[in-house]
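Structure, as structure tokens:
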Amino acid sequence: MRTKDHIQRIQVDGFTILEGLLGPALIDTVKTELAPWLGGKHYGRNDFEGFCTERVYALLSKAPSIAALIEHPDVLAIVDQLLPPHYLLSAALAIHVHPGETPQRFHVDDDAGGAQLARPRPWQGISAIWALDTFTADNGATEVVPGSHLWGDDRIPQARDVVQAMMPAGSVLLFAGNLLHRGGASRGTTTRLAITPQYCAPWLRQIENMVLAVPPTQARRYSKRIQGLLGYSVVEPGFMGYVDGLHPRRLLEGDPYAR
């Protein structure tokens with residue numbers, strides 16, 4: 001499918017899947033970098049995070065190879081058309097679902113921290129879920145509700161409305177931030193690992209405080225695109241996002257007061 005076809009699918013159905021974007025070498029690198037943070041160290045603290053699910057946050061401070069997923073050109077070519085200029089990286093986390101996990105409640109990703117924005121409404125974010133393992137019907141594949149990004153608050157998803165986003169490793173599910181979705185139940189015997197970057201409109205507060213999660217000493221290693229997504233950027237026209245009257249990228253380039 002071409003970029004415009006994926007954009008149309010998101011506009012109509014609320015989601016699309018791009019297959020074959022990651023090769024085995026990059027998948028192995030990501031898994032190797034994540035290994036010290038997995039292995040039963042970070043299970044969810046509540047039913048939403050998942051008591052049988054490991055979650056690792058602040059990924060760009062722990063697994064640098066994740067940057068290749070966050071700024072993947074095929075994904076950003078779509079997000080560029082669906083969000084305003086200067087959009088931000090709202091969250092970037094690993095989700096490692098283990099056998100026995102129960103399904104999440106249906107939710108949206110761009111609800112402004114639970115502000116309960118009335119639906120129907122435009123999306124304020126775009127989310128990606130990268131499959132580092134094949135997503136199957138048994139290992140907790142993400143479940144989406146096609147078209148629910150256009151629903152009002154009065155409509156509740158029924159079983160017949162739900163589609164499992166099954167996809168091979170190396171694929172990415174890309175969807176509107178106001179699409180109803182959830183992590184599925186894991187009924188099998190294997191785990192499934194995903195990386196989920198979420199992008200948001202530049203005026204919306206990021207879910208993760210990215211400039212603390214990835215401070216200047218670490219942000220310097222990344223491309224200017226990643227730095228801008230983290231929040232080392234300003235919104236133009238205007239200068240929203242400045243630091244002491246200066247562009248925040250000055251913090252990454254040496255003396256922040258040198259003009």
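The values are calculated or read from the model by the stated rules, or taken from the named source; none is laboratory data. Here the structure is a predicted model, which is why all the values come from computation and not from measurement. So basically every Cβ, Gly included, is an ideal-geometry build from the backbone, and we count neighbours across all protein chains shown. The protein model used for the area step is the full one, side chains on, heavy atoms only, and it has no ligands, DNA or RNA in it. Shrake-Rupley method; radii C 1.70, N 1.55, O 1.52, S 1.80 Å.
Here are the numbers for this structure:
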{"read-out": "Choice from Thr136, Thr196, Thr217 showing the highest fluctuation, given a GNM over the chain with Cα pairs closer than 10 Å", "value": "Thr217"}
{"read-out": "Rounded tilt (10° steps) of 3-13 against the dominant C-alpha axis of the chain", "value": "60 degrees"}
{"read-out": "Degrees, to the nearest 10: 73-82 long Cα axis against longest axis of the chain", "value": "90 degrees"}
{"read-out": "Selected from Ile27, Ile156, Gly50, residue furthest toward positive end of dipole (the chain; charges at beta carbon)", "value": "Ile27"}
{"read-out": "Dipole of region 31-182, positive end: most advanced residue of Leu76, Leu174, Leu117 [Cβ charges, Cα centre]", "value": "Leu117"}
{"read-out": "Protection proxy ranking, peptides 26-32, 48-54, average beta carbon neighbours within 10 Å, highest first", "value": "48-54, 26-32"}
{"read-out": "With all protein chains modelled, accessible area of His181 [1.4 Å, Å²]", "value": "10 Å²"}
{"read-out": "Selected from Glu236, Glu208, Glu101 as most flexible by GNM, with the chain as the system and alpha-carbon contacts under 10 Å", "value": "Glu236"}
{"read-out": "Value at 222 nm in deg cm²/dmol, rounded to 500, when DSSP H runs of n ≥ 4 in the chain each add -39,500 (n - 2.57)", "value": "-5000 deg cm²/dmol"}
{"read-out": "Cα-centred dipole magnitude for the chain, charges only on beta-carbon of K, R (+1) and D, E (-1), debye, nearest 20", "value": "320 debye"}
{"read-out": "Reachable aspartates and glutamates, given that their alpha-carbon falls under 12 Å from the alpha-carbon of Lys224 and they are not under 8 places away in the same chain", "value": "Glu71, Glu253"}
{"read-out": "With Cα atoms, 0 to 90° folded angle of helix 24-34 axis to the chain main axis", "value": "80 degrees"}
{"read-out": "Straight-distance crosslink candidates among lysines, where the alpha carbon sits under 30 Å from Lys41 and sequence neighbours closer than 8 are dropped", "value": "Lys31, Lys62"}
{"read-out": "Estimated dipole of region 101-246 in Debye, rounded to 20 [Cβ of Lys and Arg +1, of Asp and Glu -1, Cα centre]", "value": "220 debye"}
